[in-house]
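Let me begin by presenting the structure, written as structure tokens, before commenting on it.
The values are calculated or read from the model by the stated rules, or taken from the named source; none is laboratory data. As the structure is a computational prediction, the values presented were derived from the model and not from experiment. Using ideal geometry, Cβ is built from the backbone for each residue, glycine included, and neighbour counts are taken over all protein chains shown.
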């Protein structure tokens, strides 16, 4: 993702930081700027624990952009991953399960539901007929939202036989491994890759940066350097997102 964003905006300083596990952490990265204006673009798909609790405590002098969802570019990225998986399978899906890690926080799963609705509308417009897109969560203690297995079973009961599982996840890891295993047990015949590094996601990162950042000026009227720090949630802590 870092390389994609840098390629799209060569004049912008773009670095990466992490919430935990890896370094530099967000607060370390911001402190290293020594007051240079910075915008943190969280590589998060919702307003779960990382965005609502972790991030504000780490910002220092930086400001935070909104999470990546909802946005039309996110729908484009989901469509790309679905088309890619369908091409590999050799046939189109007749139903889609959009599977998120899930959050225990009230409203924490709203983003996945909104994305499922928007993706369903985009698929209908593209194919000329409705394709059911249902949200699901992997976290056992999620505040709301059905499991992947339950959602797939409901779709099969409706006569759907070519069910695709589309990860509502940024990157591979423990959640994706669990998703792939559950998709197999649920007899879903297509499993797409996580959103990851692709053109639409890189453009979405820059769209969030542009919406948040405002050019700072020096005493000479010149624009100050603005740094954008990508922040993937990499802790894989179930229910905290």
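Any residue at all in segment 25-35 that's assigned to a helix (DSSP H, G or I), closer than 28 Å to residue 133 by Cα and out of contact with any helix residue (DSSP H, G or I) (no Cβ under 9 Å at 6 or more places or on another chain)?
no
Being at pLDDT 50 or above and crowded, with 20+ Cβ neighbours inside 10 Å is true for just one of 178, 185, 214, 208. Which residue is that?
Matching residue, one of 178, 185, 214, 208: 208.
Report, ordered by the first and then the second residue, all pairs with beta carbons closer than 7 Å, sequence separation of six or more or different chains, a first member in segment 2-13 that is without any contact (Cβ under 8 Å) to a residue 12 or more places away in the chain, and a second member that is assigned to a loop (DSSP other than H, G, I, E, B) and surrounded by 15 or more Cβ atoms within 10 Å (Cβ to Cβ).
Close Cβ pairs satisfying both conditions: none exist.
Does residue 11 satisfy the condition of being part of a loop (DSSP other than H, G, I, E, B), modelled with pLDDT of 95 or more and farther than 23 Å from residue 111 by Cα?
Spelling it out, residue 11 is indeed part of a loop (DSSP other than H, G, I, E, B), modelled with pLDDT of 95 or more and farther than 23 Å from residue 111 by Cα.
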